[in-house]
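The values are calculated or read from the model by the stated rules, or taken from the named source; none is laboratory data. All figures in this text were calculated on a predicted structure; none of them were measured in a lab. When we count neighbours, we look across all protein chains shown, and the Cβ atoms used for this are built from the backbone with ideal geometry, even at glycine. Quick note on the areas: whole protein, heavy atoms, side chains included, nothing else; ligands and nucleic acids left out. Shrake-Rupley method; radii C 1.70, N 1.55, O 1.52, S 1.80 Å.
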Amino acid sequence: MPVASAPAAASDDAFVDFENVWLAYNDELLASNTFAVEDINLKIKQGEFIAIVGPSGCGKSTFMKLTTGLKMPSKGTVHIDGQPVTGPLKISGMAFQAPSLLPWRSTLDNVLLPLEIVEPFRSQFKDRRKEFEERANNLLTSVGLGGLGSKFPWELSGGMQQRASICRALIHEPKMLLLDEPFAALDAFTREELWCILRDLWEAQRFNVILVTHDLRESVFLADTVYCMSRSPGRFVVKRDIPIPRTRDLEVTYSREFTDIVHELRGRIGAMRKAGMDLVQ
Amino acid sequence: MNKKQLERWSPALLLLAIIVIWEVIIRVFGVSEFIFPSPSRIWEQTMQHKAIILSHAWRTFWVTMAGFGIAIVVGVLLGFLIGSSRLAYAAVYPLMTAFNALPKAAFVPILVVWFGIGVGPAVLTAFLISFFPIMVNIATGLATLEPELEDVLRVLGAKRWDVLTKVGLPRSMPYFFGSLKVSITLAFVGTTVSEMTASNEGIGYLLISAGSSMQMGLAFSGLLVVGAMAMAMYELFSYIEKHTTGWAHRSTQRGG
Ligand SMILES: Nc1ncnc2c1ncn2[C@@H]1O[C@H](COP(=O)(O)OP(=O)(O)O)[C@@H](O)[C@H]1O
Ligand SMILES: [Mg+2]
């Protein structure tokens, strides 16, 4: 779709706004016109929960880096909350497939880590420590880790570590939560448990969520909008609104409506892959 | 005696067995004391020259600790430098590796020219031989940061310094303590080697003078004493390692 050269001001209600964003990881790649992601145009509303699915290497993590300001686009602009992105955005919290908790810190101290780094909490950390600890404990309780703050990460199961990692991402009350395949390493039961925990956190606080996943059921269960990316070029090729009403219960995943959407997405990704293969041959 | 106890006592038992076999062989074949003294003879000589051995041992000990102390300071600083800056790593590391390949004993004559016979060359040889493992281990601990964790911190506006102090240094502590126990044994090697040619005191000197006067028992007790000191220090640092960075052992024990 040809995008008319619309002025940047057009995007009033979008919280995340990508306009013709291209990224090459370095100058060499730029010179040879090799982009990790191409021509991203995307508007995400305030408080929206989106999911991104796509094959590995298609640029999902790259998209996360652009959204958080860890990478600057080679072409195009990214606006977050009306402001152009110029550097790392501390209104975001991130969690990944590996919980990457620090083993020498207790779970509570791990969750508190961002407050030791990000302003304004950083300079208040010593004085308000009690208050911050209480906040961290409340957060831990809300994900089912009440009373486990003094445990060390290695004393927790994989699912519990991932919950703590999500708490760490949320402790500074970010406006945007970025999750890069956070549940990929967990077993099916634990994963569904964590879906519900994430759903409840989001429904309570309504921050923006960008969830990268390989699991179509996960994306449909959790997100308001599912985007599919294609590989080489890394582009957003499908946008699908998920009209299933909230609050969604796990039961919904067995409903006709749910499975139809999952099937539809699978079909579209399959068609896209086939087209890609034809192109290669 | 169950299996676990057996395992625990196995080094002592093996040592005992070696001593017994050694003693037996020497006696059965009637090997001359001037070629290879028996354990009982070494023990006799050790007792006989107790005072002398002790004073030489003390000298070797403090000289080694001085060199080792310098090695810790320099090793930590250099390790911190090259672990926290890619440029410094690229510049320093290849040179350090080349330096490490040089036999440190070869420095002794040069050090003698600069500092004369005595403490100077011994301390410096101990230092030169033992700082490398400390440096490398600190640098490794600092440099291995998972990319995800780096993103988590960088997005919060963490400065390099934050990442170093909150993640890098604590992470490198097990590596650091691990390197200390290796380094301390190297430091004893350095001191002894240097004392053999560039000192009138210390176990190295004792070894040379005992050898040249054919007092083989005394020479062997010199070896015994350095070995005992090095091993005691090794055990000490290994104890400190276990009790300061327990998380490193426990978190790997679980293994997922
Ligand atoms: N630091 C980097 N330098 C150069 N190329 C990179 C870098 N990170 C990722 N890429 C490339 O960008 C593309 C997208 O990668 P990524 O965003 O990690 O994919 P995904 O997260 O979807 O698996 C891949 O082709 C990958 O090789
Ligand atoms: Mg990825």
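Before moving on, here are some points about what is shown:
- The residues packed around residue B:194, meaning those with a beta-carbon under 15 Å from its beta-carbon, carry a net charge of 0 if Lys and Arg are +1 and Asp and Glu are -1.
- At q = 0.17, 0.18, 0.19 Å⁻¹, base-10 log of I(q)/I(0) for the stretch B:39-246 (Debye sum, equal scatterers on each alpha carbon): -1.09, -1.17, -1.24
- Whole-number percent relative contact order across chain A, with pairs defined as alpha carbons under 8 Å at least 6 apart: 23
- Chain A: translational diffusion in µm²/s, Stokes-Einstein, Kirkwood Rh over Cα pairs, 37 °C, 0.692 mPa s: 165
- The residue among B:119, B:205, B:155 whose Cα reaches farthest toward the positive pole of the charge dipole of the stretch B:39-246, with charges on the beta-carbon of Lys, Arg, Asp and Glu, is B:119.
- Share of Cα-Cα pairs in the stretch A:19-89 lying beyond 15 Å, as whole percent: 55
- Working ranking of peptides A:28-39, A:214-225, A:236-247 by packing, defined as the average number of other Cβ atoms within 10 Å per residue, highest first, is A:214-225, A:28-39, A:236-247.
- For the protein assembly as shown, the antiparallel share of DSSP beta bridges with both residues in that region comes to about 50%.
- MRE, 222 nm, helices only [DSSP H, n ≥ 4, -39500 (n - 2.57), over chain A, to nearest 500]: -11500 deg cm²/dmol
- Per-residue accessible area (protein heavy atoms, 1.4 Å probe) orders B:161, B:22 as B:161, B:22, starting from the largest.
- The stretch B:98-113 versus the stretch A:124-197: alpha-carbon centroid distance in Å: 54
- Packing rank of B:197-204, A:56-63, B:94-101, where each peptide gets the mean count of other beta carbons within 10 Å, highest leading: B:197-204, A:56-63, B:94-101
- A 1.4 Å probe run over the stretch B:39-246, with the rest of the protein chains in place, finds 46 Å² accessible per residue.
- When Rg and the Kirkwood radius Rh are both evaluated on Cα atoms of the protein assembly as shown, their ratio Rg/Rh stands at 1.14.
- For the stretch B:8-157, the fraction of 1.4 Å probe accessible surface lying on carbon and sulfur atoms is 76 percent.
- Close lysine pairs were tallied over chain B: pairs 8 or more places apart or on different chains with Cα atoms under 28 Å apart number 9.
- Largest-first ordering by accessible area, 1.4 Å probe, given options B:144, B:64: B:144, B:64
- Radius 14 Å from Cβ of residue A:122, net charge of other residues (Lys, Arg +1; Asp, Glu -1): +2
- Order of exposure, largest accessible area first, which applies to B:146, B:195 with probe 1.4 Å: B:146, B:195
- Normalised contact order of the stretch B:39-246, rounded percent, pairs of Cα under 8 Å and 6 or more residues apart: 30
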